[in-house]
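The values are calculated or read from the model by the stated rules, or taken from the named source; none is laboratory data. On a predicted model such as this, the values are computed, not experimentally measured, just so you know. Cβ atoms come from the backbone with ideal geometry, glycine included; neighbour counts cover every protein chain shown.
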Amino acid sequence: MPPLLRATPRQRAFQAFPAARSGVSVTRLGYCRFASSSQKSVHGTTTSRRTCTASVNRQRSALISSSLSWNIQQKWSSTVAIDPKMYTTSFAFFEALWDAGVTHVFVNLGSDHPSIIEAMVKGACEKKGQFPRIITCPNEMVAMSMADGYARLTNKPQAVIVHVDVGTQGLGAAVHNASAGRAPILVFAGISPITQEGELRGSRTEFIHWIQDVPDQKQIVAQYCRYSAELKTGVNVKQMVNRALQFAKSAPQGPVYLCGSREVMEQEIEPYSIQQDEWDPVELGGLPGSAVSKIAEALASAERPLLITGYAGRNPDMPAKLVELANTVKGLRVLDTGGSDMCFPADHPAWLGLRYGNEEAIQTADTIIVLDCDVPWIPTQCKPRSDAKIFHIDVDPLKQVMPLFYIKAQARYRADAMASVDQILAALQSDESLRAKLAGGASEQRWTALQTSYRERIDGIASRARPLDNGEFGTGHLCSKLRELCPEDTIWAVEAVTNTLFVHDNIQPTKPGQWINCGGGGLGWSGGGALGVKLASDHEAKLQGHEHGKFVVQIVGDGSFLFSVPGSVYWIAKRYNIPILTIVLNNKGWNAPRRSLLLVHPDGLGAGATNDDIHIAFNPSPDYAGIAKAAAGGDVFAERVDQAADLVDVLKRAIQAVQNGQTAVVDCKVASGC
């Protein structure tokens with residue numbers, strides 16, 4: 001056990017009350033003990049140093065004897081007046097976060113956080129500009145989704161503080177999303193006090209402290225985390241925070257979890273610092289030399305080469321590098337099967353767009369590079385031809401948290417995607433025999449065919465995005481208008497579920513970091529996620545001397561909107577002045593379960609049943625914009641549109657509202673299947 005927790009009564013006297021060590025007398029008043037000194041007291045009045053006729057040593061001895069007597073006669077109270085200069089585990093925890101680059105902490109506070117609150121107040125007073133900004137979140141999933149969105153845009157880990165076991169459970173699907181989406185986030189939660197008779201400051205004081213005491217709180221989220229641990233003493237809290245962040249920032253990135261009791265977080269320690277440059281994350285290297293030659297030769301010799309990726313675009317330099325590869329290997333096509341990042345620009349002829357593991361190019365390719373991708377294809381729907389050469393390059397090629405995963409591949413490598421593509425390019429551009437293959441007439445024919453197929457694809461998308469004859473419109477038409485009307489560098493936070501492909505086809509993102517999806521399956525991410533993205537964009541812009549960051553649009557299905565806890569989302573947007581444009585795709589229910597049903601039982605009883613019959617319909621349809629407006633105290637641009645003739649006007653006014661600093665929510669009734 002840590003020193004504070006195994007201390008003897010004599011040691012506790014010194015550990016709990018630094019006044020005893022300094023010779024300042026401790027006065028017991030009722031259940032409280034107050035350190036008296038010549039400085040301002042916690043009440044703001046000046047107190048004089050009380051002295052005894054005895055020496056300082058005798059005073060200390062008397063204090064120790066007294067403390068021993070108190071421990072025999074009655075246990076110490078956990079209610080202690082705090083010296084404003086006190087340096088606790090909690091304060092050191094926040095210092096560690098700031099020094100490690102964490103600028104924002106998203107909090108949902110509870111009975112386990114007295115010392116956390118004290119540290120936040122102390123930090124606001126004493127460390128302005130050198131202390132994380134605290135964002136209050138009335139719901140834990142929204143808190144973690146905000147941290148997720150922030151980290152996803154900047155690749156800088158942020159922190160979340162929640163309340164014991166119940167707050168940890170309240171994180172819900174957000175933990176899954178951060179794990180699947182590889183978002184570096186540090187979560188901290190208190191645990192119920194570990195003493196109950198006032199033995200230490202922070203001991204149990206409330207009924208709920210017994211109810212929330214569980215055998216192993218970490219295990220609630222441990223399987224989703226890269227690292228989880230309990231803080232058992234304050235003397236190494238900064239090392240523990242940085243160890244956790246090393247895991248969060250090392251590939252494959254993801255969430256980490258720390259917890260600590262009130263007593264540990266209240267512990268007084270000596271102020272200290274650590275060498276921050278000694279805590280960098282682990283870096284992956286590139287491919288072995290033999291692998292580079294093998295992959296470069298396969299690409300140069302291929303007739304129908306294909307690159308499949310899912311999250312390589314997390315590195316903002318990767319899209320340009322893939323463009324260079326596509327320009328070098330003419331005829332190479334690039335397919336996104338993850339949809340979590342902008343991996344390849346839509347204005348390049350090699351763009352195949354986003355398809356979830358089901359695309360004709362997978363079946364026809366003779367050479368496939370799988371690059372940072374979780375699900376390159378779905379074997380029951382689509383799989384490569386038997387003679388295809390397949391190479392898998394990934395930060396996590398074995399998918400170690402997935403019990404079932406494997407793909408056919410000639411070779412697989414744990415390597416950094418950027419370094420690997422650089423190596424492959426260098427080989428293709430320097431080897432004379434490979435250059436000759438890439439410069440032949442067959443290569444030029446493939447390039448011409450690629451450009452033709454690209455134009456056909458873009459034209460097809462545009463034709464399918466027209467309004468319907470009855471004046472209604474689908475998601476494709478809506479998103480084509482959003483692309484026309486929103487700023488060119490808009491960031492799209494997308495959670496459109498069954499409409500995602502229509503959104504991606506028509507938004508056609510081209511800029512790194514412009515498209516962000518959570519990467520997981522926990523619905524409700526995009527509310528907090530979009531706020532986190534906007535908060536991050538504004539913060540980064542101000543660091544560079546700009547007034548505002550980029551325009552942020554959340555595109556969300558109606559079911560996912562309800563999952564996102566909009567009452568919390570739009571209160572936060574108003575409270576912290578984080579204006580976003582929310583587009584609700586209102587198709588009157590959850591269509592994803594119907595799709596899943598038909599994939600397994602295409603001719604079953606449910607195939608001909610109505611949405612009401614299979615319990616996925618939203619009747620009556622909620623007033624989504626009204627929910628947001630109520631949460632923001634009425635200060636939200638809120639409208640509904642169901643006719644194509646009205647769409648552009650409504651969108652223009654909503655965009656203008658956001659640019660003027662007001663969040664806007666537009667409830668769009670969309671036709672299905674387009």
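Would you tally the residues in the stretch 588-628 being of a type in the set (Val, Ile, Thr) and closer than 30 Å to Glu639 by Cβ? Residues in the stretch 588-628 being of a type in the set (Val, Ile, Thr) and closer than 30 Å to Glu639 by Cβ: 3 in total. With respect to (1) in a loop (DSSP other than H, G, I, E, B); (2) loosely packed, with under 15 Cβ neighbours inside 10 Å; (3) not hydrophobic (A, V, I, L, M, F, W, C), the lone exception for Gln662 is condition (2).
This table checks each residue for (1) in the same structural domain as Val329 (by TED's automatic domain parsing); (2) crowded, with 16+ Cβ neighbours inside 10 Å; (3) under 19 Å from Trp351 (Cβ atoms); (4) touching a Cys at 6+ places or on another chain (Cβ under 8 Å).
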{"position": "Val421", "(1), (2), (3), (4)": "yes, yes, yes, no"}
{"position": "Ile424", "(1), (2), (3), (4)": "yes, yes, no, no"}
{"position": "Glu432", "(1), (2), (3), (4)": "yes, no, no, no"}
{"position": "Ala442", "(1), (2), (3), (4)": "yes, no, no, no"}
{"position": "Glu456", "(1), (2), (3), (4)": "no, no, yes, no"}
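Of the residues making up the stretch 412-433, those that are touching a strand residue (DSSP E or B) at 6+ places or on another chain (Cβ under 6 Å) and in a loop (DSSP other than H, G, I, E, B) number 1. Restricting the first member to the stretch 123-139 and to residues that are more than 25 Å from Val569 (Cα to Cα) and outside the structural domain of Ala632 (by TED's automatic domain parsing), and the second to residues that are exposed (fewer than 15 other Cβ atoms within 10 Å of the Cβ) and modelled with pLDDT of 95 or more, the beta-carbon pairs closer than 9 Å and six or more apart or on different chains are Gly123/Gln130.
Any residue at all in the stretch 273-288 that is small (Gly, Ala, Ser), surrounded by 18 or more Cβ atoms within 10 Å (Cβ to Cβ) and within 25 Å of the chain's Cα centre (by Cα)? There is no residue in the stretch 273-288 that is small (Gly, Ala, Ser), surrounded by 18 or more Cβ atoms within 10 Å (Cβ to Cβ) and within 25 Å of the chain's Cα centre (by Cα).
Within the group Ile390, Ile378, which residue is over 28 Å from Val503 (Cα atoms), free of Cβ contacts under 8 Å to residues at least 60 places away in the same chain and not small (Gly, Ala, Ser)?
Of Ile390, Ile378, the one residue that is over 28 Å from Val503 (Cα atoms), free of Cβ contacts under 8 Å to residues at least 60 places away in the same chain and not small (Gly, Ala, Ser) is Ile390.
Here is the figure for the stretch 344-374: residues that are on the phi > 0 side of the Ramachandran plot and out of contact with any Pro (no Cβ under 9 Å at 6 or more places or on another chain) total 2. If the condition is being surrounded by fewer than 24 Cβ atoms within 10 Å (Cβ to Cβ) and in contact with a Ser or Thr (Cβ under 7 Å, 6 or more places away or on another chain), then the stretch 521-559 contributes Leu523, His539, Glu540, Gly549, Lys550, Phe551.
Counting just the residues of the stretch 382-411 that are part of a loop (DSSP other than H, G, I, E, B) and either outside the structural domain of Glu360 (by TED's automatic domain parsing) or among the aliphatic types (A, V, I, L, M) (or both), which one comes out surrounded by the most Cβ atoms within 10 Å (Cβ to Cβ)?
Ala388
Yes/no matrix, rows are residues, columns are (1) small (Gly, Ala, Ser); (2) surrounded by 13 or more Cβ atoms within 10 Å (Cβ to Cβ); (3) out of contact with any Cys (no Cβ under 8 Å at 6 or more places or on another chain); (4) in the same structural domain as Glu484 (by TED's automatic domain parsing):
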| position | (1), (2), (3), (4) |
| --- | --- |
| Trp571 | no, yes, yes, yes |
| Ala592 | yes, yes, yes, yes |
| Asp603 | no, no, yes, yes |
| Gly608 | yes, no, yes, yes |
| Asp623 | no, yes, yes, yes |
| Ile627 | no, yes, yes, yes |
| Lys652 | no, no, yes, yes |
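Applying the criterion of at least 1 residues that are out of contact with any His (no Cβ under 7 Å at 6 or more places or on another chain), under 26 Å from Asn315 (Cβ atoms) and modelled with pLDDT of 95 or more to the helices (runs of 4 or more DSSP H) found wholly in the stretch 516-604 leaves 525-543.
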